[in-house]
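First up is the structure itself, then whatever we jot down about it.
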């Protein structure tokens, strides 16, 4: 009886914590913290290119797994900033390895909240480095009140929506595709 009561209390606590995290609207759709990265991303009108790329790279199962992951998710407008034909070229089957490298450069193992990013930037005297799943490093820094990512090529991307919590991590929406 005591064990059942503890289990019920534990389940109530876990459910309450999940419910305390309110859904965030991204691309016209609510992103629910009880759903995984893929279950939420497919509903965002702003991330159709990212979802198509994830499917083409064969990363759907990975981003549905337990994780946790931190995904810096470029919008359709971010992909549109790339040179003409880049996205179409990356989506070709023969370029799957390159596409996978680009996408996994947007993912960090673990759940890193915006507060964690800002704390790391302060601790790093103005910048913080995060090793991506791809293996290279993304550098985060502040630009006024904005968190900005700097990629391996020196290009920058601003986080426009922070802390979109998922059951298997967190998404931070970015305005530019970062490149390894």
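How many residues does the stretch 82-116 hold that are assigned to a loop (DSSP other than H, G, I, E, B) and under 27 Å from residue 66 (Cα atoms)?
Just the residues of the stretch 82-116 that are assigned to a loop (DSSP other than H, G, I, E, B), to begin with: 82-85, 91-92, 105-106, 110-113.
If we keep only those that are under 27 Å from residue 66 (Cα atoms) as well, we get 91, 105-106, 110-113.
Looking only at that region, the number is 7.
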- Message: Can you report the number of residues in the stretch 134-166 which are surrounded by fewer than 18 Cβ atoms within 10 Å (Cβ to Cβ) and not in a strand (DSSP E or B)?
- Response: 8
- Any hit, the stretch 108-128, residues being within 20 Å of residue 46 (Cβ to Cβ) and crowded, with 18+ Cβ neighbours inside 10 Å: no
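Report the residue count in the stretch 31-41 for those that are surrounded by fewer than 22 Cβ atoms within 10 Å (Cβ to Cβ) and touching a strand residue (DSSP E or B) at 6+ places or on another chain (Cβ under 7 Å). Break it down stepwise before answering.
We begin by selecting, within the stretch 31-41, every residue surrounded by fewer than 22 Cβ atoms within 10 Å (Cβ to Cβ); these are 32-36, 38-39.
Going one step further and asking which of them are touching a strand residue (DSSP E or B) at 6+ places or on another chain (Cβ under 7 Å), we end up with 33, 35-36.
Qualifying residue count, the stretch 31-41: 3.
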- Item | Every residue from the stretch 42-69 that is crowded, with 21+ Cβ neighbours inside 10 Å, more than 20 Å from residue 29 (Cα to Cα) and over 13 Å from the mean Cα position of the chain (by Cα) | 57
- Message: Looking at the structure I just gave you, is residue 128 touching a strand residue (DSSP E or B) at 6+ places or on another chain (Cβ under 9 Å) and modelled with pLDDT under 95?
- Response: no
- Mind counting the residues in the stretch 115-140 that are touching a helix residue (DSSP H, G or I) at 6+ places or on another chain (Cβ under 9 Å) and more than 10 Å from residue 105 (Cβ to Cβ)? 5
- Task: Residues being without any contact (Cβ under 8 Å) to a residue 24 or more places away in the chain and in a strand (DSSP E or B): count how many of those fall in the stretch 29-44.
- Result: 2
- Test: residue 177 is out of contact with any helix residue (DSSP H, G or I) (no Cβ under 7 Å at 6 or more places or on another chain) and either at pLDDT below 95 or surrounded by 16 or more Cβ atoms within 10 Å (Cβ to Cβ) (or both): no
- Under the condition of being in a loop (DSSP other than H, G, I, E, B), out of contact with any helix residue (DSSP H, G or I) (no Cβ under 8 Å at 6 or more places or on another chain) and farther than 18 Å from residue 138 by Cβ, which residue from the stretch 45-74 is modelled with the highest pLDDT? 65
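The values are calculated or read from the model by the stated rules, or taken from the named source; none is laboratory data. Everything numeric in this text was worked out from a predicted model, so none of it was measured. Neighbour counts are summed over all protein chains in view; Cβ atoms, including those assigned to glycine, are modelled from backbone coordinates with ideal geometry.
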